[in-house]
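Enquirer: First the structure, then my questions, so here it is.
The values are calculated or read from the model by the stated rules, or taken from the named source; none is laboratory data. Here the structure is a predicted model, which means the values were calculated and not measured. Cβ sites come from the backbone with ideal geometry, for glycine too, and all protein chains shown count toward neighbours. Just the protein is used for accessible areas: all its heavy atoms, side chains included, with ligands, DNA and RNA removed. Shrake-Rupley method; radii C 1.70, N 1.55, O 1.52, S 1.80 Å.
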Amino acid sequence: MLKIGILGLAGILLALLIREVKPGFAVLISMATCVLIFYYGIDRLSYVAQAAKTLQEYIRLQDSYLKILLKMVGITYIADFSASLCRDAGYSAVAGQIEFYGKISVLSLCTPVLLALLETINDFLA
């Protein structure tokens with residue numbers, strides 16, 4: 001975490017220095033910093049995926065449910081990351097649309113799981 005904090009601060013300080021001379025480059029430096037931090041985050045995500053597989057073995061979840069869960073987490077991270085980059089570049093409307101699409105994507109992914117849950121409850125009560 002210390003490495004990421006230093007990387008973020010260095011990127012922001014560099015962008016602030018460049019902003020006075022070339023404002024366009026400051027946005028690019030900010031975006032490059034975000035992409036580097038995102039890359040390091042993806043590396044950590046492999047650990048989370050492995051832990052989820054171990055959890056699946058303990059509680060015997062169907063493989064499709066775990067895949068849906070990981071997709072939902074991926075969608076939320078990518079939507080948040082993309083929207084933050086757009087906001088940083090000054091495009092709040094595009095950021096809002098990315099967030100909206102991310103929410104709709106998560107909703108469409110979780111619908112089959114919700115229907116299966118309701119079907120299980122209905123079978124249990126009948």
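Enquirer: Could you please find all residues in segment 61-120 being farther than 20 Å from I42 by Cα, charged (D, E, K, R) and within 15 Å of the chain's Cα centre (by Cα)?
Expert: K103
This table checks each residue for (1) among the acidic types (D, E); (2) loosely packed, with under 13 Cβ neighbours inside 10 Å; (3) closer than 26 Å to T54 by Cα; (4) in contact (Cβ under 8 Å) with a residue 40 or more places away in the chain.
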| site | (1), (2), (3), (4) |
| --- | --- |
| I68 | no, no, yes, yes |
| K71 | no, no, yes, no |
| G74 | no, no, yes, no |
| D80 | yes, no, no, no |
| R87 | no, no, no, no |
| G96 | no, no, no, no |
| E99 | yes, no, no, no |
| T111 | no, yes, yes, no |
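Enquirer: Out of everything in segment 43-66 that is aliphatic (A, V, I, L, M) and open to solvent by less than 80 Å² (accessible area, probe 1.4 Å), what residue ends up being nearest to A10 (Cα to Cα)?
Expert: Looking at the filtered set, the residue picked out is L45.
Enquirer: A further question on this structure: Of I98, I75, I68, which residue is in contact with a Gly (Cβ under 6 Å, 6 or more places away or on another chain) and in a helix (DSSP H, G or I)?
Expert: I75
Enquirer: Let me ask another. Identify all residues within segment 58-93 that are over 30 Å from G24 (Cα atoms) and modelled with pLDDT of 75 or more; write none if there are none.
Expert: Correct list: Y58, S64, Y65, L66, K67, I68, L69, L70, K71, M72, V73.
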